[in-house]
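> Here's a structure for you.
The values are calculated or read from the model by the stated rules, or taken from the named source; none is laboratory data. Quick caveat, the model's predicted, so the values are computed rather than measured. All Cβ positions, glycine included, derive from the backbone under ideal geometry; neighbour counts span all protein chains shown. Accessible surface areas use protein heavy atoms only, side chains included; no ligands, DNA or RNA. Shrake-Rupley method; radii C 1.70, N 1.55, O 1.52, S 1.80 Å.
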Amino acid sequence: MPATPPAPPAGVATPAGDANPATTALSVRPPRSEVVRRTTAREEAVNAKPLAGRILQVVLAVLFPLLLIIGAIRLVATPLFLWAEYHRPGFPADSFGFSNEDRMTYGSYAVDYLLNFAGPRYLGELAGPNGGNLFLDSEVSHMADVKGVFLATMIAGAAMLILAVACVVYLARRYHGGVRRGLFAGSAATLILILVLGILGALNWQQFFTDFHRIFFADGTWTFYVDDTLIRLFPAQFWMDSGIVIALLVLMVSSLVLALTWPTRGRRNRSAAAAEEQRRRHELLLAREKDQTT
């Protein structure tokens, strides 16, 4: 006959069907005070709006106008805009002999210089129609300054874009309605900003243009004679048109975003419903944890 297994020692209970009773000693329940503390902390987290969400919502609103303006500037700094300007009806001709083809060729070099990583020689060694240097040393120096400001702006714009995307991802996952509210506030601020700048430029364009250059460039480094190459390629009308196009692009995009994020009753209700659904899920988890502790 098979041997009968020995009986367990006195005082040790073996659960029915448990093949390894020794593991029951691993089931350690935390003190009730600790359970209550954790439950209370979770309930407060469910009921409170996260501080990080509110901060990132503001950050998104601040980044939005900056990104729009930088993006519009980048769209203007292209050969396509250059071609459209030189060929549009009413654009002033060069009184010193540059044809539209000459302007397009030499102007493209200037635009390409802003977008590449070449040094000042890229422009300094260009030959003009008469065989001499196309640009004066002072013009090349100013274009180098412009390039430094332009590249720094584009790099800053790329960094801000990454931060804005991170804000959107966090808000979409953790703060219902935060993306819409941030974009709505940002688009409203953009409209106000661009309208103020537009009014200032319309009232006195020359003063606006001068003040803008004084912010980024030293006095005496950005003024030239009317027969210098930079003025012949990019007369005052070119910069007025550039400002108008930038303002229109920013206005159109910000107006569209404002309309798409306007806090209508339906959008508010959807945000509230999503937040309530998240709250309900947390409450269910809390209820299960309470049941397990009783």
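> Could you please let me know if residue 267 is over 25 Å from residue 98 (Cα atoms), at pLDDT below 95, open to solvent by less than 60 Å² (accessible area, probe 1.4 Å) and basic (Lys, Arg)?
Criteria met by residue 267.
> Could you tell me which numbered condition residue 135 fails, if it satisfies all but one of (1) surrounded by fewer than 18 Cβ atoms within 10 Å (Cβ to Cβ); (2) in contact with a Ser or Thr (Cβ under 6 Å, 6 or more places away or on another chain)?
(1)
> So which residues in segment 210-237 are of a type in the set (Phe, Trp, Tyr) and either in contact with a helix residue (DSSP H, G or I) (Cβ under 6 Å, 6 or more places away or on another chain) or within 18 Å of residue 182 (Cα to Cα) (or both), if there are any at all?
Within segment 210-237, 216, 217, 222, 224 meet the criteria.
This table checks each residue for (1) out of contact with any Ser or Thr (no Cβ under 7 Å at 6 or more places or on another chain); (2) surrounded by 12 or more Cβ atoms within 10 Å (Cβ to Cβ); (3) closer than 23 Å to residue 67 by Cβ.
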| residue | (1), (2), (3) |
| --- | --- |
| 142 | no, yes, no |
| 157 | yes, yes, yes |
| 180 | no, yes, yes |
| 183 | no, yes, yes |
| 201 | yes, yes, yes |
| 220 | yes, no, no |
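> With respect to residue 170, is the statement that it is hydroxyl-bearing (Ser, Thr, Tyr) and touching a helix residue (DSSP H, G or I) at 6+ places or on another chain (Cβ under 6 Å) true?
Yes: the conditions hold for residue 170.
Residues checked against (1) assigned to a helix (DSSP H, G or I); (2) within 19 Å of residue 148 (Cα to Cα); (3) open to solvent by less than 70 Å² (accessible area, probe 1.4 Å); (4) modelled with pLDDT under 95:
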residue	(1), (2), (3), (4)
43	yes, no, yes, yes
81	yes, no, yes, no
106	yes, no, yes, no
113	yes, yes, yes, no
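> In the set 123, 68, which member is within 31 Å of the chain's Cα centre (by Cα) and in a helix (DSSP H, G or I)?
68
Listed here are the residues, each with its yes/no results for (1) closer than 21 Å to residue 158 by Cα; (2) open to solvent by less than 40 Å² (accessible area, probe 1.4 Å); (3) at pLDDT 65 or above.
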| site | (1), (2), (3) |
| --- | --- |
| 25 | no, no, no |
| 48 | no, no, no |
| 60 | yes, yes, yes |
| 71 | yes, yes, yes |
| 89 | no, no, yes |
| 92 | no, no, yes |
| 95 | no, no, yes |
